[in-house]
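Below is the structure I would like to discuss, written out as structure tokens.
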Amino acid sequence: MKPIKYTLLAAALFCVIPLSHAATSDDKRFAVSAGWLHVMPQGEKQGISGSTKKQTPILGERSVSSPDAGFEVEDADTAGLMLDYFVNDNVSLELVLGAPPEMELSGHGTIDLPLVGQAADLSKFDKIATTDAYTPTLLAKYHFGSIENKLRPYIGAGVMYAHFSDVKADPNINAELNSNKLLATLKPELGKIEVDDAFAPVAIAGIDYNINKDWFATASVSYAHLSTTAKLNVIGNTKLIGANIPRDTILEGRSKIEINPIVTYLGLGYRF
């Protein structure tokens, strides 16, 4: 429900904007465009840290650090929808929505555990996990030139809210965890993966081409300084021998994920 709640809040704020008394010279206050977004993350792996739990056989409670391991987000494409309210001829406020793309996370480096050694080689997985990304964005934009101009460049800035849901991991990770003979005695398997919500500042530059007084084509490039944290746990046997061996979390880990996407947009719009 979180992405829906924040999207509705942003839409509500957008709808109350017309209470302003400013106007455009052609009396067209709104613009809507639809098109295609190409998302190009620029971040690099940030390392994985965590700890084994005290109930873990063999290891006990120990800190874990794999600074050369981590996750990177791959490029993605999705449909986009832009809603603009023009405060006056040159200033507009924009709400950016889109179909949530399925973002792929690739793995890099190895996770190493004390005494056990290499627990998993993340580099074996081209797609270690996927997640749906909801990223509604609010922008303030300044449009250069006159409304009658055919070409109108613009610049702007704002804030993005990012919500990640439906995180799914490659099931082959469990086989990789069990490839270490010592660790395999605990029968480890990957538990739940969570990716934290985040806010990010956004900068944008673009240009509109006015086909006629109502229709326009638009293109833009934006950058969001976006990072978040992924949390995961590994479940395994908490005893080595006995009947009805209990299973619980034996390892908790976390990794910062830099996304920092450059996003290009091509769309067709209508002003009214």
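The values are calculated or read from the model by the stated rules, or taken from the named source; none is laboratory data. Quick caveat: nothing in here was measured; it's all calculated off a predicted structure. Every residue, glycine as well, gets a Cβ built from its backbone with ideal geometry; the counts of neighbours run over all protein chains shown. We work out accessible area using only protein heavy atoms, side chains counted, and drop any ligands, DNA or RNA first. Shrake-Rupley method; radii C 1.70, N 1.55, O 1.52, S 1.80 Å.
Rundown of residues vs (1) of a type in the set (S, T, N, Q); (2) open to solvent by 30 Å² or more (accessible area, probe 1.4 Å); (3) out of contact with any Phe, Trp or Tyr (no Cβ under 8 Å at 6 or more places or on another chain); (4) modelled with pLDDT of 90 or more, yes/no style:
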position: 100; (1), (2), (3), (4): no, yes, no, yes
position: 108; (1), (2), (3), (4): no, yes, no, yes
position: 114; (1), (2), (3), (4): no, yes, yes, no
position: 125; (1), (2), (3), (4): no, no, yes, no
position: 128; (1), (2), (3), (4): no, no, no, yes
position: 136; (1), (2), (3), (4): no, no, no, yes
position: 139; (1), (2), (3), (4): no, no, yes, yes
position: 144; (1), (2), (3), (4): no, yes, no, yes
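Let me ask something else. Within the group 103, 82, which residue is out of contact with any helix residue (DSSP H, G or I) (no Cβ under 9 Å at 6 or more places or on another chain) and either closer than 26 Å to residue 169 by Cα or assigned to a loop (DSSP other than H, G, I, E, B) (or both)?
Unique residue meeting the criteria: 103.
While we're here: Mind checking which residues of the range 119-145 are assigned to a strand (DSSP E or B) and either charged (D, E, K, R) or more than 21 Å from residue 77 (Cβ to Cβ) (or both)? Give the derivation first.
To start, the set of residues in the range 119-145 that are assigned to a strand (DSSP E or B) comprises 119-121, 129-134, 137-143.
119, 120, 121, 132, 138, 140, 141, 142, 143, listed by residue number.
Also, I was wondering about something else. Counting only residues that are open to solvent by 20 Å² or more (accessible area, probe 1.4 Å) and not in a loop (DSSP other than H, G, I, E, B), which one in the range 146-159 is farthest from residue 209 (Cα to Cα)?
Filtering first and then ranking leaves 159.
Looking at 245, 207, 211, 262, which is the one that is modelled with pLDDT under 95 and open to solvent by 50 Å² or more (accessible area, probe 1.4 Å)?
One residue alone meets the criteria, 245.
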